[in-house]
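For reference, the structure is listed below as structure tokens.
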Amino acid sequence: MVPQPGDQEAIVVPDSTPDSTDERRDLLLLCTEPKRLARADRDARRVQLQVQESDLYIAAVSAYNVVIDLRARRVQHGCRDFLAQAREGKLCKHVAALLLAMEPAVALGILRQLTDPDGGWHLEVIAARGFGRTG
Ligand SMILES: [Zn+2]
């Protein structure tokens, strides 16, 4: 018995599109969860870049500031989620949103270093707002 080629064979098309492969997303998923990344996607459209230099990015992301200092290899941000995430070397949706909003090549470079244990980056929690309040 010789099997007939193509007989009753369903061609399964994998649900992936190689052309749209985005290494940024792969790396972001190492720094955050899919749910957060989905929220970051929505916030990315509302990112307001205030400073955009070759080695310094400051942006407002839904009322929070995010500072990415490439020279110092430092991310500064202060939402409550970041407070918890940063301890584990992970990112909140605001930082992820900025990385999605900025120049892809620059974001990719940052993410490669961020996800590298020897990348030398640190996540610094700063006061998000309420400066000068004494309680
Ligand atoms: Zn945040």
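Taken together, the values in this text are just the output of simple stated rules run on the coordinates, not laboratory data. These numbers come from a predicted model, not from an experiment. Because the Cβ atoms are built from the backbone with ideal geometry, glycine has one as well, and the counts that use them run over all protein chains shown.
So, counting K/R as plus one and D/E as minus one, what does the shell of residues with Cβ under 13 Å around L70 add up to?
Working: positive: R71, R73, R74, R112; negative: E53, D55, D69, E103.
Cβ neighbours under 13 Å give a net charge of 0.
Region 23-111: which GluC sites (Glu not before Pro) are DSSP loop and have at most 13 other beta-carbon atoms within 10 angstrom? List each step's numbers first, then the result.
Values: sites: E23, E53, E88; in loops: E53.
The qualifying sites are E53.
Please compute the length gained on full extension between R112 and A38, using 0.36 nm multiplied by the number of residues separating them and subtracting their Cα-Cα distance.
Working: separation 74, 0.36 × 74 = 26.64 nm, distance 2.02 nm.
Extra length available between R112 and A38 comes to 24.6 nm.
Which of the listed residues, L108, L91, V75, is farthest toward the dipole's positive end in region 32-125, when Lys, Arg count +1 and Asp, Glu count -1 at the beta-carbon?
With unit charges placed on the Cβ atoms, the residue in question is L91.
Charges only on Cβ, +1 for Lys and Arg, -1 for Asp and Glu: so what's the dipole of region 32-125 about the Cα centre, in debye to the nearest 20? Walk me through the numbers before you get to the answer.
Numbers: 14 positive and 12 negative charges, 78 e Å.
Charge dipole, region 32-125, about its Cα centre: 380 debye, nearest 20.
What residues qualify as long-range amide H neighbours of E124, i.e. H under 5 Å apart, gap of 5 or more or another chain, H built at 1.01 Å from N?
V75, Q76, H77
Between E23 and A72, what is the spin-label point distance in nm, taking each point 7 Å from the Cα along the Cα→C-beta axis?
Going from the E23 label point to the A72 one covers 2.8 nm.
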